[in-house]
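The values are calculated or read from the model by the stated rules, or taken from the named source; none is laboratory data. All values reported here derive from a predicted model rather than from experimental measurement. All Cβ positions, even for glycine, are placed from backbone atoms using ideal geometry, and neighbour counts span all protein chains on display. The accessibility values were calculated without ligands, DNA or RNA, using every heavy atom of the protein model including side chains. Shrake-Rupley method; radii C 1.70, N 1.55, O 1.52, S 1.80 Å.
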Amino acid sequence: MATKDKKGGAGTKGGGKGADKREKRTRGPHAGAQIPAPPPRLKGFYAETVRPKLMQQFSLTNPHEVPTLEKIVLNVGAGEAIKQPKFLDTIVDELATITGQQPVRKKAKKSIANFGLRQGQEIGAAVTLRGARMWEFLDRFISVAIPRIRDFRGLGTRSFDGRGNYSLGIKEQMIFPEINYDEIEQIHGMDITFVTSAPRDDMALALLKELGMPFRSEDKKGGRM
């Protein structure tokens with residue numbers, strides 16, 4: 001009888017489908033965790049190909065004047081987390097899976113009575129990528145994620161902020177191959193911002209184009225992908 005009770009019964013805590021679901025989400029070190037990671041492919045492509053082209057295109061003599069990518073910021077607003085706190089936990093797990101970095105939970109700066117929002121309440125998550133993870137994410141985003149967007153006709157060119165930074169909106173997190181379709185509880189979008197060192201938008205556009213970003217030739221309408 002003791003053996004049967006240990007295997008699970010009506011009074012067993014943590015048993016059932018809930019425990020199996022939690023076990024599936026548990027992440028551990030992969031098989032090649034001890035192998036040193038190779039340098040990012042796109043970073044080498046920038047140094048060998050993109051930088052000389054930009055120097056020639058904008059007649060730059062100082063290599064330090066050539067614009068480069070500084071960081072990539074992924075931000076997800078979760079207004080539904082006000083009523084469903086577990087929804088934000090799912091978003092954090094998915095962002096960590098996509099980027100390989102633990103997200104930061106964002107809190108409300110002030111209370112809004114009409115939305116039932118209290119100051120300090122968690123309503124979103126964000127990840128800031130730099131260095132090798134930034135280049136690896138950009139490579140996967142251009143090569144794998146963007147081609148999976150439905151009815152994709154190119155990225156808009158009107159989302160530059162005037163200081164060399166570019167932002168775009170994604171409607172579905174399913175475009176990233178790291179997300180398992182069967183484990184998705186709810187579809188949500190995200191905003192991605194590419195921060196560059198370019199002082200002007202035309203230099204930032206040229207940089208992102210040379211890195212492989214598929215912009216539209218004629219931008220008529222902007223919006224989420």
>> Condition (residue is farther than 15 Å from I98 by Cβ and within 20 Å of the chain's Cα centre (by Cα)) applied to the range 173-181: is it met by at least one residue?
In response: no
>> Give me the residue from the range 127-172 that is among the small types (G, A, S) and more than 21 Å from Q101 (Cβ to Cβ) and, out of that set, farthest from the chain's Cα centre (by Cα).
In response: G162
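Do you know which of the residues in the range 133-150 that are farther than 23 Å from P199 by Cα and hydrophobic (A, V, I, L, M, F, W, C) is most open to solvent (accessible area, probe 1.4 Å)?
V144
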> Which residues, taken from the range 167-194, are assigned to a helix (DSSP H, G or I) and of a type outside the set (A, V, I, L, M)?
Replying inline: Q173, Y181, D182, E183
>> Please pick out the residue among R130, R153 that is modelled with pLDDT of 90 or more and open to solvent by 10 Å² or more (accessible area, probe 1.4 Å).
In response: R130
> Just for the range 43-66: of the residues that are outside any helix (DSSP H, G or I) and in contact (Cβ under 8 Å) with a residue 12 or more places away in the chain, which one is most open to solvent (accessible area, probe 1.4 Å)?
Replying inline: F58
> In the range 22-42, is there at least one residue being modelled with pLDDT of 90 or more and open to solvent by less than 70 Å² (accessible area, probe 1.4 Å)?
Replying inline: yes
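Looking at G77, G120, which one is over 22 Å from N180 (Cα atoms) and either modelled with pLDDT of 75 or more or open to solvent by less than 70 Å² (accessible area, probe 1.4 Å) (or both)?
G120
In the set I192, I179, which member is at pLDDT below 90, open to solvent by less than 40 Å² (accessible area, probe 1.4 Å) and within 18 Å of S143 (Cα to Cα)? Steps first, answer last, please.
Numbers: I192 fails: at pLDDT below 90.
After applying the criteria, what remains is I179.
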>> Which residue is surrounded by the most Cβ atoms within 10 Å (Cβ to Cβ), if the candidates are limited to the range 195-217 and must be part of a loop (DSSP other than H, G, I, E, B) and in contact with a Gly (Cβ under 9 Å, 6 or more places away or on another chain)?
In response: A198
